[in-house]
Amino acid sequence: MKMYFSGSFREVVARRMIEHNAPRLFTYAYPKEAFMYLNIASEMGVHCDILIDSGAFTAWNKGRPVQLEQLLAYHKQILDTYGDKHDFQFIALDVIPGERGRMATPQEMEDGMKRSFDNFLAMAEFHGDVKKVLPVYHSGEPVAFRDAFLEHTNHICLSMNQNLSERERVAWAMEAQVPGVKLHGLAATGTRIMEYVDWYSVDSAGWLMTAAMGSILWHNGKRFFPLAVSSDSPQRKEPGKHIENRPDSDTVKDLIYAKGFDPETLAVDYLERCFWNIEAWMEYQPRKRIQRIEGLFDL
């Protein structure tokens with residue numbers, strides 16, 4: 001499973017990410033970030049794996065939908081500058097029906113699916129290769145819409161309503177799987193959803209948020225979870241929640257030292273936690289429990 005790192009961060013973090021050949025997701029919502037990162041990568045002589053999102057959800061939240069022509073002009077600018085230096089794929093411009101705070105009507109949903117499908121075809125034509133463009137299939141949309149995409153491609157994105165419970169998201173994503181089809185999970189990095197769904201790739205900014213909240217990503221052989229390390233973390237007072245109050249605290253610290261990091265530095269340095277989380281994500285591969293379950297909600 002490939003992890004695309006998303007989020008906004010400083011140049012020093014970008015350089016560490018490039019050194020580790022970390023797949024990177026950018027969004028048209030923040031167009032300058034891709035150029036900053038790719039300039040550094042070109043300077044370092046590193047070939048990057050890049051996925052570019054349309055920024056449709058961010059624009060929808062602001063009430064200013066993305067215009068296809070402007071998005072394609074952005075793609076052209078990137079490809080004209082870096083197209084021969086890196087591997088690019090693009091997430092199709094999906095149309096999110098309704099408005100923030102209001103459920104979409106059935107007619108709005110139907111219109112949105114039609115426009116999303118048309119955008120996908122237009123973007124595939126623009127790039128001259130349908131494999132370069134990943135359409136988006138949302139929870140709540142009919143299976144026939146997914147199947148319409150699969151007549152053109154075997155690589156799609158799944159977008160789950162974040163208002164659903166984790167069990168509901170896992171159940172829907174499992175039902176959306178099709179043998180032989182590569183799935184990209186948009187912001188799909190919960191432990192269960194990574195284990196039960198056969199993802200080709202996912203993206204997340206969770207590694208960055210975890211560092212900002214004073215934690216590092218930790219794998220204990222069974223679970224992959226945030227482990228609080230910050231000296232300011234309120235979890236210092238919760239038994240087992242902080243590196244200092246775990247029964248295996250000394251063992252954990254020894255493992256951190258063995259990887260070239262210092263627990264005391266991780267406790268006070270946000271950037272060092274970012275560096276740790278980059279490596280932790282690059283090394284992590286979820287155990288797979290992909291199966292058809294009788295009661296999907298009994299996960």
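The values are calculated or read from the model by the stated rules, or taken from the named source; none is laboratory data. If you're wondering where the values come from, they're calculated on a predicted model, not measured in any experiment. A quick note on method: Cβ atoms are made from the backbone with ideal geometry, for glycine too, and the neighbour counts reach across all protein chains shown.
If I filter the range 234-288 down to residues being among the polar types (S, T, N, Q) and assigned to a helix (DSSP H, G or I), which single residue comes out as surrounded by the fewest Cβ atoms within 10 Å (Cβ to Cβ)?
Step by step, filter the range 234-288, then rank; the result is Thr251.
Looking at the range 93-113, is at least one residue within 20 Å of Ile50 (Cβ to Cβ) and outside any loop (DSSP other than H, G, I, E, B)?
Checked the range 93-113: no residue is within 20 Å of Ile50 (Cβ to Cβ) and outside any loop (DSSP other than H, G, I, E, B).
Suppose we filter the range 142-165 for residues that are exposed (fewer than 14 other Cβ atoms within 10 Å of the Cβ) and in a helix (DSSP H, G or I); how many remain?
Residues flagged as exposed (fewer than 14 other Cβ atoms within 10 Å of the Cβ) and in a helix (DSSP H, G or I) within the range 142-165 amount to 3.
Can you tell me which residues in the range 192-216 are under 12 Å from Tyr270 (Cα atoms) and in a loop (DSSP other than H, G, I, E, B)? So that I can check it myself, show each step before the final result.
Narrowing the range 192-216 to residues under 12 Å from Tyr270 (Cα atoms): 207-216.
Across the range 192-216, the qualifying residues are Met213, Gly214.
Give the residues of the range 234-251 that are closer than 15 Å to Leu266 by Cα and among the basic types (Lys, Arg), sorted by residue number.
Listed by number, the list holds a single entry, Arg236.
For the range 7-21, state whether one or more residues are closer than 28 Å to Trp281 by Cα, of a type in the set (Val, Ile, Thr) and surrounded by 16 or more Cβ atoms within 10 Å (Cβ to Cβ). Write out each step before concluding.
Of the range 7-21, the ones closer than 28 Å to Trp281 by Cα are 7-21.
After this cut, where a residue has to be of a type in the set (Val, Ile, Thr) as well, the list is 12-13, 18.
Restricting the remaining residues to those that are surrounded by 16 or more Cβ atoms within 10 Å (Cβ to Cβ) gives 13, 18.
Yes, the range 7-21 contains a residue that is closer than 28 Å to Trp281 by Cα, of a type in the set (Val, Ile, Thr) and surrounded by 16 or more Cβ atoms within 10 Å (Cβ to Cβ).
Table: residues versus (1) part of a helix (DSSP H, G or I); (2) of a type outside the set (A, V, I, L, M, F, W, C); (3) closer than 22 Å to Ile52 by Cβ.
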position	(1), (2), (3)
Gly140	no, yes, no
Val170	yes, no, no
Ala173	yes, no, no
Trp218	no, no, no
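Need pairs with beta-carbon distance below 7 Å; first residue under 27 Å from Phe57 (Cα atoms) and within the range 24-45, second hydroxyl-bearing (Ser, Thr, Tyr) and part of a helix (DSSP H, G or I); sequence gap 6+ or separate chains.
Arg24/Tyr37; Thr27/Thr58; Tyr28/Tyr74; Ala29/Thr58; Pro31/Tyr74; Leu38/Tyr82
List the number of the failed condition for Tyr200; all other conditions in (1) assigned by TED's automatic domain parsing to the domain that holds Leu121; (2) out of contact with any His (no Cβ under 7 Å at 6 or more places or on another chain); (3) within 18 Å of Pro286 (Cβ to Cβ); (4) surrounded by fewer than 19 Cβ atoms within 10 Å (Cβ to Cβ) hold.
Tallying (1) assigned by TED's automatic domain parsing to the domain that holds Leu121; (2) out of contact with any His (no Cβ under 7 Å at 6 or more places or on another chain); (3) within 18 Å of Pro286 (Cβ to Cβ); (4) surrounded by fewer than 19 Cβ atoms within 10 Å (Cβ to Cβ), Tyr200 fails exactly one: (2).
With (1) outside the structural domain of Thr27 (by TED's automatic domain parsing); (2) at pLDDT below 90 as the list, and Ser233 as the residue in question, which single condition is left unmet?
Every condition holds for Ser233 apart from (2).
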